[in-house]
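Working notes, structure below.
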Amino acid sequence: MGLKYKCLVFDHDDTVVNSTATIHYPCFVEYLKKRGQYDGITLDQYFIKNFEPGFVEMLRQDYRMDDDDITDETKYWIEYVKDHIPDAYPGIKDIMERQRSGGGLICVVSHSMKENIVRDYRHNGLPEPDMIFGWDLPRDLVKPAPYSLNEIMRIFDLEPSDILMIDDLKPGYDMAKSCGVDFAGVGWSYDVPYIESFMRENCGLYFKQVSDLSEYLNG
């Protein structure tokens, strides 16, 4: 049986690895407390803010952080993540190994740093991605900008129909839509009705369990 898509493009956090609940949210709370700005933001609220308007916009709008503040928060997060490695969701490795064994491509477009993505893949025994686009890019090229998908298509000579973007949040959806690429919303990292409702209504494809995505790709 052939591959459904020549290239699977994975988001990283909360799509491949369970990281927001176990790493990014606790880090953010710790940072806000350090600044005296902790306002009781819950995990679900944090998910929603990352969904829309996005993390940087949340820092600017809700916490009145300027560019220097955002740089400081990023440095704090980078140091925190060095000592905290997330686990991959069960079943993700099988999906990637089938894609690779069938001659397909695996790429990553994420808001995590490239070095952390590489580390997480190695830690979890996942196939090495063919390309990684992370938070290291100039800010105007980071997802939801179309740059990453356009580069994947250019370098590997792919059409939009050759690619499936797999992501749990709206920036991935916006990027895929702008490039005419199929998008699979995934919701195994959260139970937030607001996010799930949007993804189900707009994405065309939505999977609540890793096994559901696996079944779709094998169909």
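Quick note: the coordinates plus some simple rules give every number you see, no bench work behind them. Predicted model, so just to flag it, every value in this text is computed and none were measured. Here the Cβ positions follow ideal geometry from the backbone for every residue, glycine too, while neighbour counts run over all protein chains shown.
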Set of segment 164-181 residues, backbone N closer than 13 Å to the point 7 Å along the Cα-Cβ line of L137: 171-179
Amide proton proximity set for D182, modelled H, under 5 Å, gap of 5+: I163, M165
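Once you keep just the Cα pairs under 8 angstrom separated by 6 or more residues, what percentage relative contact order results for segment 132-219? Walk me through the numbers on the way to the answer.
On the way: 101 pairs, mean separation 18.7, N = 88.
Rounded, it is 21 percent for segment 132-219.
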Counting DSSP beta bridges with both ends in the chain, the antiparallel % (nearest 5): 5 percent
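For the cross-link pairs K4/K208; K6/K49; K4/K93; K75/K170; K34/K93, which exceed 28 Å when the distance is taken from alpha carbon to alpha carbon? Intermediate results must be reported in sequence, preceding the final value.
Values: K4/K208 20 Å; K6/K49 33 Å; K4/K93 17 Å; K75/K170 25 Å; K34/K93 37 Å.
Beyond 28 Å between Cα atoms: K6/K49; K34/K93.
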Cβ-Cβ FRET estimate between D157 and E97, R0 fixed at 30 Å, reported to 0.05: 0.80
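Work out the FRET efficiency for V56 and N202 from their Cβ-Cβ distance, taking R0 = 22 Å, and round it to the nearest 0.05.
Values: r = 22 Å, r/R0 = 1.02.
The formula returns an efficiency of 0.50 here.
How large is the helix-only mean residue ellipticity at 222 nm for the chain, computed as the sum of -39500 (n - 2.57) over DSSP H runs with n ≥ 4, divided by its residue count, in deg cm²/dmol to the nearest 500? Can you show the working numbers first?
Numbers: 10 runs with 104 residues, N = 219.
Value at 222 nm, helices only: -14000 deg cm²/dmol.
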For segment 175-188, 3J(HN,Hα) per residue [Karplus equation, 6.51 cos²θ - 1.76 cosθ + 1.60, θ = phi - 60°, Hz, x = Gly/Pro]: 5, 4, 4, 5, 9, x, 9, 4, 10, 10, x, 10, x, 7
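In percent, what relative contact order does the chain have, based on Cα pairs under 8 Å that are 6 or more apart in sequence? All intermediate terms of the calculation are to be shown ahead of the outcome.
Numbers: 307 pairs, mean separation 59.5, N = 219.
After rounding, I find 27 percent.
Subtract the Cα-Cα distance of D130 and D39 from 0.36 nm times their separation in residues, and report this length gain in nm to one decimal.
On the way: separation 91, 0.36 × 91 = 32.76 nm, distance 4.06 nm.
Once the chain is fully extended between D130 and D39, it gains 28.7 nm.
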Global geometry of segment 20-82, whether rounded, prolate or oblate, following the gyration tensor of its Cα atoms and the 1.5 cut on a/c: rounded
Karplus (6.51, -1.76, 1.60) ³J(HN,Hα), θ = phi - 60°, over segment 124-138, in Hz, Gly and Pro reported as x: 9, x, 8, x, 5, x, 6, 8, 10, 10, x, 5, 5, 5, x
Residues with amide H under 5 Å from that of V108, placed H, sequence gap 5 or more: F10, M131, I132, F133
For segment 19-24, 3J(HN,Hα) per residue [Karplus equation, 6.51 cos²θ - 1.76 cosθ + 1.60, θ = phi - 60°, Hz, x = Gly/Pro]: 10, 5, 5, 9, 10, 5
